[in-house]
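To start, the structure itself, in structure tokens.
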Amino acid sequence: MTFALETAKSPETLRRVAIDPVSRVEGHGKVTILLDDNNKVHQVRLHIVEFRGFEKFIQGRPYWEVPVMVQRLCGICPVSHHLAASKALDMMLGIKQLTPTADKIRRLMHAGQMLQSHALHFFHLASPDLLFGFGSDMAKRNIVGVVAAHPEVAKKGVLLRKYGQEVIRMTAGKRVHGTGSVPGGVNKSLSAEERAELQKDIYQMVAWSRDAVAIIRGLFEQNLTQYNAFGRFRSAGMCLVGADGAMDLYHGGLRARDIDGKTLFDHFDYSRYWDVIGEDVKPWSYMKFPFFKSLGTEDGSYRVGPLSRVTMCDHIPTPLADKEREAFLAFDGGSAAGATLGYHWARMIEMLHSAETIKDLLHDDDIVGHDLMATGQRQERGVGVIEAPRGTLIHHYRVDENDQVIRANLIVSTTHNNQAMNTAVREVAMQYLDGVEITEGLLNHIEIAIRAFDPCLSCATHALGQMPLEIAIVGADGTVIDEAMRDHRGLIRELPDHA
Amino acid sequence: MNETNTFLLDGEEIPFTPGQSIIQAATEHGIYIPHLCWHPEFKAHGSCKICTVKVNGRFGSSCTMAAQAGMNVENRTSELDDKRRTLLQMYFVEGNHFCPSCEKSGNCSLQATAYELKMVSPHFDMFYPDRAVDASHPDILLDFNRCIMCSLCVTASREVDGKNVFSMGGRGLLGRRIHISSESGKLADTDFALTDRAASICPVGVILPKRKGFAVPIGERKYDKLPINLQVSEETP
């Protein structure tokens, strides 16, 4: 990971270029780049400029509202929050095993979510850069341009997403912000008619998902040198895996590897995630910086999401996606599996896996069962972890004897990737921007590095109450007259005199 | 039936029994007059003003005004529905009504009435009052954020349950509220029970059974199936 460009020595002497807002990502963020007179890059930061207060205002609410309330964090992958909260509250209710129907309906909902979110990201947000070129004409570099130039590709993207949304509607009650998953199980299963309706198109969805994998593979083959090198950096990683080491996006233990691929922990029980993961805070971002405690705040940075999941699992438990995983890992001696743009390839392999999972579940009679709820011995707290489209998502709640939430902690996928995204944009800045005249096309390269992670910036800002701040008083001539800093404990101290 | 015991409601002749209010006669005849604080089981409270109609050209509460032979009552006119919508908007901004995460959503009279009257925004600035949640009772949660001061819980507890668990007190927009009749002010210190009539009377989401959230899926809730104006005879919870 790159920390060298995090903070310039004399920022007041440098020119500032801002990409504000970063486009074609979920939520609002900006990138600032500080350059000297020779266009040499001295500082690059990805800032998250919006704020969420869910951990605070969920306090005092009854626990059964939580899965429905916290999913409002996001309109793109609310199912992930809906399910992570439900899983946490299953644990709080002392439920170790859901009924087969509840487990499979939740898995179906989650697979629908993965399918629609990955399709949205690849076709609507990322494909304009990949199909037209990184520095191509800005007027065409959008979904409308894709529709005009590649109508068949765009159509598949729209219909794949629509199908995923239908799976969500039938399992959760609504396409966005449903109520299907409740602490202890689900409130509905599929009717025979709903099952038949989804079965009609699922084979087409599997076929189109295979086409999508072929598209990104083809792009890698055509642009091998550029794609492999673009924003490349070595990174540790983390994901959930099933008991047999297979990819499991809904449930499992935590697996982590360092930058050399050495296992740091495996099948770790996520109910004590804080034993292995810490959260650092920095004065210039609302987003926290998680790290592996055993390696410290800098060496312990890691990345999550499709690239970590596809490269770190032992296999994918659906045949077509597993073949694609093997091909991805073997491609050009494994080069794509370490590339930042490898995220896109891994994401499409996961989309294929999700389509196959939906197909398998639609042929399982448990999804039309009627045994929906389980019970258990009530506990004081619960932790739920799920692999959301963008990576590992952690929900943690403590509930008092009156059934009110007294503490909530959410570590969302994009937060895990905070340092990795900053590193990627710094790498790209050094590769493409250092010492040259900056153009819009070059700045888009920075955004392409961010988009590879498919960040959801709206979900990811959680530093309430611990937010360190730096305040600078700047004179009319630009010199810094005074500076003060509030640290993560809320203590304010003066910084050395700059006058 | 005495043929003189009728009145006109939006041009339709409605029979009534002497002593009935306008809303009672209309309800018996299957006609919906929008309302919140009135309930067919109890004496009218006359506080919400949503049931305001025009009788012979003058405004009046249809829940407190006795039906009279020959009166001409206007109900679902655009003039009256506009005023009702404004009143509803005031109800929404005075409390903290977050339908998306409310268990009562789909079964809520306030929400259903707002849909019926085509309220699409709160229009006024939100008050965001600081109201308490009383989670002390083992079986029942009280979330006063959603209270519209209809007083149905006060009446039901007093008249049906014989307990006087609730009372209304205080002055002013932010001071007036439902009080719990116990020394601590907590529901846990009363003899309130889930089987009380008052426990199921709340038209909004203040009084709800604990540990039961979203058990009924979207699409299968009371007002998901039919709008409130078509459920006049089934209104009693």
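The values are calculated or read from the model by the stated rules, or taken from the named source; none is laboratory data. In this text the structure is predicted, and so the values were computed from the model without any measurement. All Cβ positions, even for glycine, are placed from backbone atoms using ideal geometry, and neighbour counts span all protein chains on display.
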Q.
Let me spell it out: the conditions are (1) of a type in the set (D, E, K, R); (2) over 24 Å from A:Gln59 (Cβ atoms); (3) within 14 Å of chain A (Cβ to nearest Cβ), and B:Asp191 meets all of them except one. Which number is the exception?
A. (3)
Q) Taking segment B:43-52 only, how many residues are more than 14 Å from B:Met149 (Cα to Cα) and at pLDDT 95 or above? A) 2
**Q.** Near pairs, Cβ below 7 angstrom, 6+ apart or cross-chain, from segment A:365-381 (within 17 Å of A:Ser86 (Cβ to Cβ)) to any residue that is of a type in the set (Asp, Glu) and at pLDDT 95 or above
**A.** none
Q: With respect to B:Ala198, determine if the residue is in contact with a Cys (Cβ under 7 Å, 6 or more places away or on another chain) and away from chain A (no Cβ under 14 Å).
A: yes
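What residue, of A:Ala126, A:Ala85, is of a type in the set (A, V, I, L, M) and within 30 Å of A:Arg426 (Cα to Cα)?
A:Ala126
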Q) So, of the residues in segment B:99-123 that are in contact (Cβ under 8 Å) with a residue 12 or more places away in the chain and more than 25 Å from B:Asn75 (Cβ to Cβ), which turns out to be surrounded by the fewest Cβ atoms within 10 Å (Cβ to Cβ)? A) B:Cys99
Q. All but one of (1) surrounded by fewer than 20 Cβ atoms within 10 Å (Cβ to Cβ); (2) touching a Pro at 6+ places or on another chain (Cβ under 8 Å); (3) at pLDDT 95 or above hold for B:Lys163; which doesn't?
A. (2)
**Q.** Filter pass, A:Glu221 being within 14 Å of chain B (Cβ to nearest Cβ), out of contact with any strand residue (DSSP E or B) (no Cβ under 9 Å at 6 or more places or on another chain) and of a type outside the set (Ser, Thr, Tyr)
**A.** no
Q. Is it true that some residue in segment A:401-410 is touching a strand residue (DSSP E or B) at 6+ places or on another chain (Cβ under 9 Å), surrounded by 20 or more Cβ atoms within 10 Å (Cβ to Cβ), at pLDDT 60 or above and not assigned by TED's automatic domain parsing to the domain that holds A:Arg303?
A. no
**Q.** Hits in segment B:1-57 - residues which are among the polar types (S, T, N, Q) and closer than 19 Å to B:Glu74 by Cβ
**A.** B:Thr6, B:Gln20, B:Ser21, B:Gln24, B:Thr27, B:Thr52, B:Asn56
Q. Quick one: which helices (runs of 4 or more DSSP H) sit completely within segment A:64-172 and have at least 3 residues that are of a type in the set (D, E, K, R) and out of contact with any Lys or Arg (no Cβ under 6 Å at 6 or more places or on another chain)?
A. A:100-119, A:151-172
Q: Specify the residue that is farthest from the other protein chains (Cβ to nearest Cβ); the eligible residues are those in segment A:388-416 that are under 30 Å from A:Gln204 (Cβ atoms) and in contact with a Pro (Cβ under 9 Å, 6 or more places away or on another chain).
A: A:Gly391
Q. For the subset of segment B:141-154 comprising residues that are outside any loop (DSSP other than H, G, I, E, B) and buried (at least 21 other Cβ atoms within 10 Å of the Cβ), which member is nearest to the other protein chains (Cβ to nearest Cβ)?
A. B:Leu141
Q: Out of the residues in segment B:182-218 that are farther than 19 Å from B:Ile148 by Cα, touching a Lys or Arg at 6+ places or on another chain (Cβ under 8 Å) and surrounded by 14 or more Cβ atoms within 10 Å (Cβ to Cβ), state the one that is modelled with the lowest pLDDT.
A: B:Ile218
Q: Name the single residue, out of those in segment A:70-88 being within 10 Å of another protein chain (Cβ to nearest Cβ) and buried (at least 23 other Cβ atoms within 10 Å of the Cβ), that is farthest from A:Glu380 (Cα to Cα).
A: A:Gln71
